[in-house]
1. In this structure, does B:Val67 turn out to be within 14 Å of another protein chain (Cβ to nearest Cβ) and within 23 Å of the chain's Cα centre (by Cα)?
2. Go through (1) part of a strand (DSSP E or B); (2) surrounded by fewer than 18 Cβ atoms within 10 Å (Cβ to Cβ) and name the single condition B:Asn158 misses.
3. Go through the stretch B:27-57 residue by residue and tally those that are under 27 Å from B:Met183 (Cβ atoms) and hydroxyl-bearing (Ser, Thr, Tyr).
4. Residues in the stretch B:217-245 that are without any contact (Cβ under 8 Å) to a residue 60 or more places away in the chain, surrounded by 18 or more Cβ atoms within 10 Å (Cβ to Cβ) and assigned to a loop (DSSP other than H, G, I, E, B): how many?
5. Picking from B:Arg13, B:Arg84, B:Arg21, B:Arg2, which residue would you name as being at pLDDT below 90, more than 14 Å from chain A (Cβ to nearest Cβ) and not in a helix (DSSP H, G or I)?
6. For the stretch A:22-78, give me the residue count where each residue is of a type in the set (Phe, Trp, Tyr) and more than 7 Å from chain B (Cβ to nearest Cβ).
7. Only one of B:Asp214, B:Asp143 is among the acidic types (Asp, Glu) and either modelled with pLDDT of 90 or more or surrounded by 24 or more Cβ atoms within 10 Å (Cβ to Cβ) (or both). Can you tell me which?
8. Quickly run through the stretch B:256-280 and pick out the residues that are in contact with a Gly (Cβ under 7 Å, 6 or more places away or on another chain) and either at pLDDT 90 or above or open to solvent by 80 Å² or more (accessible area, probe 1.4 Å) (or both).
Amino acid sequence: MSRGKRQTLALLLGNLILCVVVALANHTMADWQLRLWPGGLLVATAALLAGPGAGAAAVFVAGLALDATAPVPFGTHAFVLLGAQTVFYALRTRLMRNATPVRVAVAVLAGVLSWLGLAAVAKAAGLTSAGAGRLLLELAATSVMTLLIAPWFFALQCRLLYLAQVGLRAEERRFD
Amino acid sequence: MRFSVPSSRAGDRVAAVFPVRLLNHISGQARPFFTFGVVALAWLLVPAAVKRFTRAALFEAQAPVMVTVERARELREYFVLRSRPTGELIAAGKETANALAAYEVGVGRLEQLEADNTRLRALLGMTPGAGWRQEHATVVERDLSAWWQQLVIDKGANHGVPLDAPVVFAGGVVGRVREVRAMTAVVALVSDPGVRFAVVVEGDPRPISYTGGDNPAFGPARGTLEFVPTDITVTGGAPHRLLTSGKGGVFPGGLPVGLLTHVEPSADGLFQTGEVLLPAALSALDEVTVLVPDATAAGLFVPPATDPKP
């Protein structure tokens, strides 16, 4: 298997693990009518450090997996995430993307951006939403969650890439 | 980075349908956005059948993970219970035995009523009402977002769960089956803004339109009523109980939905709009019952009439 495919699969596996963890948290928090959005974390590493095709493919397939269980047009999450990934991929040469704080900040910003994108698509699709209070509260809760678990998630992704024998160092050099 | 075009005939064909050469003329900064646009355009051209198949395949691939996670959660609860003191477990067992005895008396009474009902229907020459088979299911995932409210349960087409089947719990209506897969099904909760059906105020036969509504954080789910007759009023301490009307063909009549807590005149002045408080337990359900239409099953299942608590 080629290096790009292994990188895609390693990133995708990390993203799917994150989706399961966040779904567990959402299951527990349902009693509070709160839902966390993992978008920023799904995007950050793929946009900042992965190869162009591998990162986009991992993000897109993870988005399709989210779409499969949601009552939205198939592809909604996938394109919202791919859009955020595209924005930060275009910006990555201007960022100190090897620094963990920068990656965490990008994850938070990508989370906000993709969340707003999802809200815009939902509004355009005519889905009735809860009040602005709940939307802002969920956005804040999502940002806090991203700040708290981003270092763990980045470490998990690095470990998976290491196990797949595709470190990100080559990509970092190529795009610096 | 430059994109190269293979010199083979296959490569020429690829270059003809995909603007690879064009990519080389786009500056590095704009290239990701151009690629995004090309992917979005390609996605629009993908046949709907392919999208449906992919969606179903991805859902089915996730279903075993959801069920396994739920089983792990049950195992955790089992060990939590095992760590309880023996005295506490004995007390809980006695409490359960008392509840079971009370339910046995209730079941006997229901059987007698059912026999009376069948006899009276036969005397009046009425056709027997549609029966329902109860399919108990465990909730494997709760997904209560700001835009949709749904549950995934561990019963699906393999267990005979049909699309649009009503789902209930001890407190009343849970929702209806929105999507059926092989081993799982997605239930749209009664609090989902996309769910709409007819309800009646207890003791009043006129149907009223119910829609899932605004679901604020840290509070019970809510629904809204439209076309409430103007003679229905709500006084502070006595909210009306809402029941399913039985009209519309999805929910059997008489199932508790929630409490009508507030009404106000609608814009046209002919009717009122109302606010419905749904049971707080709705967002923390672990077990539900799917009512599967079954001509051979006798009687109509109606859950105990417990008032929803805010």
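The values are calculated or read from the model by the stated rules, or taken from the named source; none is laboratory data. Nothing here was measured: the structure is a model prediction, and the numbers come from that model. So basically every Cβ, Gly included, is an ideal-geometry build from the backbone, and we count neighbours across all protein chains shown. These accessible areas exclude ligands, DNA and RNA; they are computed on the full protein's heavy atoms, side chains included. Shrake-Rupley method; radii C 1.70, N 1.55, O 1.52, S 1.80 Å.
1. Working: within 14 Å of another protein chain (Cβ to nearest Cβ): yes; within 23 Å of the chain's Cα centre (by Cα): yes.
Considered against the rule, which asks whether it is within 14 Å of another protein chain (Cβ to nearest Cβ) and within 23 Å of the chain's Cα centre (by Cα), B:Val67 comes out as yes.
2. Failing condition for B:Asn158: (1).
3. 1
4. Of the residues in that region, 4 qualify.
5. On the way: B:Arg13 fails: not in a helix (DSSP H, G or I); B:Arg21 fails: not in a helix (DSSP H, G or I); B:Arg2 fails: more than 14 Å from chain A (Cβ to nearest Cβ).
So the residue among B:Arg13, B:Arg84, B:Arg21, B:Arg2 that is at pLDDT below 90, more than 14 Å from chain A (Cβ to nearest Cβ) and not in a helix (DSSP H, G or I) is B:Arg84.
6. Taking the stretch A:22-78 first, the residues of a type in the set (Phe, Trp, Tyr) are A:32, A:37, A:60, A:74.
Right, trim to more than 7 Å from chain B (Cβ to nearest Cβ) and you get A:37, A:60.
Matching residues across the stretch A:22-78 total 2.
7. Numbers: B:Asp214 fails: either modelled with pLDDT of 90 or more or surrounded by 24 or more Cβ atoms within 10 Å (Cβ to Cβ) (or both).
Every option except B:Asp143 fails the conditions.
8. Residues of the stretch B:256-280 in contact with a Gly (Cβ under 7 Å, 6 or more places away or on another chain): B:256-258, B:260, B:262-263, B:276-279.
Within the stretch B:256-280, B:Pro256, B:Val257, B:Gly258, B:Leu260, B:His262, B:Val276, B:Leu277, B:Leu278, B:Pro279 meet the criteria.
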